[in-house]
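**Q** Got a structure for you, questions after.
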Amino acid sequence: EVPEVGLEPPIAIVHGRHPLLLAGQEPVVPFDLALDEEDRTLLISGPNTGGKTVLLKAVGLAAALAQSGIIPPVGVGTRLPLFHRFYADIGDRQSIAASLSTFSAHVRMLRRILDYADGATLVLLDEIGSGTDPAEGSALAAATLVSLTARGSLTLATTHLGTLKDLATHTPGVVNASLQFDAATLTPTYRFLKGVPGRSYGLAIARRLGVAPAILADAEARVPDAERSLDMLLASVEERQRQLRAAQELAAARAIELDALGARLTGQAEAQAAREAELKRKEKEAEKAGRQMARSHLMEARQLVEQALAEAR
């Protein structure tokens with residue numbers, strides 16, 4: 001569907017899909033992404049292979065295609081701001097020829113973004129803060145996101161850094177998000193969830209891939225307490241969401257059953273009403289026929305009486 005273009009932020013994408021995925025044979029899971037009026041930065045976390053980078057690219061392509069006069073794969077109700085600048089730091093830009101390490105390449109791109117980004121800019125940052133010491137990378141990433149949020153740039157960033165997931169709790173304009181992951185099967189569902197950060201599942205995936213239990217036990221013991229507490233909190237939130245989804249699915253199934261029962265009862269009531277109407281009609285017809293018959297008998301009796309009186313006279 002043709003989206004609305006040229007509106008002020010925030011952005012709203014309904015039933016969005018990456019255009020290249022549509023050319024494949026696999027079914028595509030669409031996403032709905034809508035930011036509130038005060039939201040400027042969407043921080044997306046979660047496991048690898050969950051679809052975070054594809055989501056970033058899909059949003060960027062939807063906006064770029066619409067501004068180029070090409071209808072992007074989105075649904076009715078999509079609203080896209082008019083961006084004057086697009087910046088994307090996605091992938092590894094290291095270069096031996098240019099003496100750029102992975103981190104140096106990211107920093108060079110961040111510097112360029114911070115030099116020019118304003119309220120009419122779309123910024124896409126994949127794995128922000130990676131490629132260096134996690135503490136320093138997280139600090140630089142947080143400072144970058146706070147700056148972009150303050151100047152009104154619309155920013156979508158992905159991360160595995162646990163400390164960044166807390167940024168939304170004390171920074172107005174920053175909101176957490178994740179892509180749903182099935183904890184039981186350790187497989188992505190690719191369903192976008194706004195407002196809840198995602199777990200990385202790094203050790204769980206390593207366990208599934210056959211890493212020795214002793215190594216995993218040692219690794220789990222080395223996870224900082226803060227990270228472990230955050231992971232436990234996110235796990236409890238995911239479990240609560242799973243329970244709510246199950247309850248909603250059960251309620252929806254019962255609602256369908258109730259609708260079907262209501263439809264049957266309505267049909268039965270309509271049939272009963274039709275039968276009662278038919279009985280009333282037949283009753284009226286019988287009453288009318290009875291009156292006509294009584295009138296006929298009365299007329300016949302009167303004629304007989306008049307005939308008898310005539311004969312008597």
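**Q** Against the conditions (1) touching a Pro at 6+ places or on another chain (Cβ under 9 Å); (2) under 26 Å from Gly202 (Cα atoms), where does Ala62 fall short? Just the number, please.
**A** (2)
**Q** Suppose the filter is assigned to a strand (DSSP E or B), open to solvent by less than 50 Å² (accessible area, probe 1.4 Å) and either closer than 19 Å to Ile128 by Cα or without any contact (Cβ under 8 Å) to a residue 24 or more places away in the chain (or both); does Thr189 pass it? Walk me through it before giving the result.
**A** On the way: assigned to a strand (DSSP E or B): yes; open to solvent by less than 50 Å² (accessible area, probe 1.4 Å): yes; either closer than 19 Å to Ile128 by Cα or without any contact (Cβ under 8 Å) to a residue 24 or more places away in the chain (or both): no.
Answer is no for this residue.
**Q** To continue, here is another question. Keeping to the range 42-96, report how many residues are of a type outside the set (A, V, I, L, M, F, W, C) and under 22 Å from Thr149 (Cα atoms).
**A** Qualifying residue count for the region: 12.
**Q** Now for a separate question. Residues in the range 115-134 that are open to solvent by 60 Å² or more (accessible area, probe 1.4 Å) and in contact with a Leu (Cβ under 9 Å, 6 or more places away or on another chain): how many? Before the answer, list the steps.
**A** We begin by selecting, within the range 115-134, every residue open to solvent by 60 Å² or more (accessible area, probe 1.4 Å); these are 115-116, 133-134.
This time we only want the ones that are in contact with a Leu (Cβ under 9 Å, 6 or more places away or on another chain), so: 134.
Going through the range 115-134 one residue at a time, the tally reaches 1.
**Q** Would you be able to tell me the number of residues in the range 146-167 that are open to solvent by 40 Å² or more (accessible area, probe 1.4 Å), assigned to a helix (DSSP H, G or I) and not small (Gly, Ala, Ser)?
**A** So the answer is 3.
**Q** Taking the condition of being open to solvent by less than 80 Å² (accessible area, probe 1.4 Å) and farther than 25 Å from Thr149 by Cα, how many residues in the range 23-41 meet it?
**A** Total meeting the criteria: 4.
**Q** Hey, another quick one. Would you pick out the residues in the range 176-185 that are more than 15 Å from the chain's Cα centre (by Cα) and in contact (Cβ under 8 Å) with a residue 40 or more places away in the chain?
**A** Initial filter on the range 176-185 (more than 15 Å from the chain's Cα centre (by Cα)): 182-185.
Within the range 176-185, just Ala183 meets the criteria.
**Q** Okay, next question. Mind listing just one residue for me: the one in the range 200-220 that is open to solvent by 80 Å² or more (accessible area, probe 1.4 Å) and assigned to a helix (DSSP H, G or I) and, of those, modelled with the lowest pLDDT? Let's see the steps before the verdict.
**A** Keep residues of the range 200-220 that are open to solvent by 80 Å² or more (accessible area, probe 1.4 Å), which gives 207-209, 213, 215.
Pick out the ones that are also assigned to a helix (DSSP H, G or I) and you get 207-208, 213, 215.
Numbers: Arg207: 81, Arg208: 78, Pro213: 88, Ile215: 92.
In this case the residue turns out to be Arg208.
The values are calculated or read from the model by the stated rules, or taken from the named source; none is laboratory data. Because the structure is a prediction, the values reported are computed rather than measured. Here Cβ is always computed from backbone atoms with ideal geometry, including for glycine, and neighbour counts include all displayed protein chains. Surface areas here come from the heavy atoms of the whole protein model, side chains and all, with no ligands, DNA or RNA. Shrake-Rupley method; radii C 1.70, N 1.55, O 1.52, S 1.80 Å.
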